[in-house]
Amino acid sequence: MADKAVNPGSYNRRVSFQKRTEIVRPGGDNQIVWYRDDAFDVWASVVPMTGREYIFAGAMASPDIIRVRTWYRTDVSAQDYRLVYNGKVFNIETVIDVGAAHREMELVCTEESGAAAASERPAM
């Protein structure tokens, strides 16, 4: 069976990936932070999920859920990255290697309401 061709013209939205960093605060507590210098931008297609997809995702009345498709990367995982699109922060729920071809990846992301933007890394 022939592979479906990738249409790079559909990658017409700019999204930012931010890497999760865990730091130990002076009191010994762990804190998750997102630094601007750990971010990278890519072109992607961004599609809001339809009503039927919301129900299957178990998200009847939840924040925005989007599907993002972009070029495949080995370093992106749901545990280590989040996505910023259109000024909103999204948690990556799943990362799918489309067709197991290592050409495109599809992400299902849910909006994280009230999430803080990435900050500057403190000077050492």
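Once the other residues with Cβ under 13 Å from the Cβ of Trp34 are scored (Lys, Arg +1; Asp, Glu -1), what is the net sum?
With Lys, Arg at +1 and Asp, Glu at -1, the neighbours total -1.
To make sure I understand, if each residue's beta carbon is the centre and we count other beta carbons within 10 Å, what order do Ile32, Ile66 fall in, fewest to most?
By the 10 Å Cβ count, ascending, the order reads Ile32, Ile66.
What is the order of Glu93, Glu104, Glu22, fewest Cβ neighbours within 10 Å to most?
Glu22, Glu93, Glu104
³J(HN,Hα) across the range 105-111 via Karplus (A = 6.51, B = -1.76, C = 1.60, θ = phi - 60°), whole Hz, x for Gly/Pro?
10, 10, 10, 9, 10, 10, 5
Counting Lys and Arg as +1 and Asp and Glu as -1, what is the net charge of the other residues whose Cβ lies under 10 Å from the Cβ of Thr70?
Summing Lys and Arg as +1 and Asp and Glu as -1 gives +1.
At what distance in nm do the modelled label points of Thr21 and Ala115 sit from each other, each positioned 7 Å from its Cα along Cα→Cβ?
Label-label distance for Thr21 and Ala115, simple model: 1.7 nm.
Would you kindly state how much longer the chain becomes between Asn12 and Asp97 on full extension, computed as 0.36 nm times their sequence separation minus their alpha carbon distance, in nm to one decimal?
28.6 nm
So if I place +1 on the C-beta of Lys and Arg and -1 on the C-beta of Asp and Glu, and nothing else carries charge, what would the dipole magnitude of the range 10-111 be about its Cα centre? I want it in debye, nearest 20.
The calculation lands at about 260 debye.
When Lys and Arg each count +1 and Asp and Glu each count -1, what net charge do the other residues less than 15 Å away from Thr21, Cβ to Cβ, add up to?
Residues close to Thr21 contribute a combined charge of -1.
FYI, it's all coordinate maths here, none of it is from the lab. Since this is a predicted model, take the numbers as computed values, not measurements. All Cβ positions, glycine included, derive from the backbone under ideal geometry; neighbour counts span all protein chains shown.
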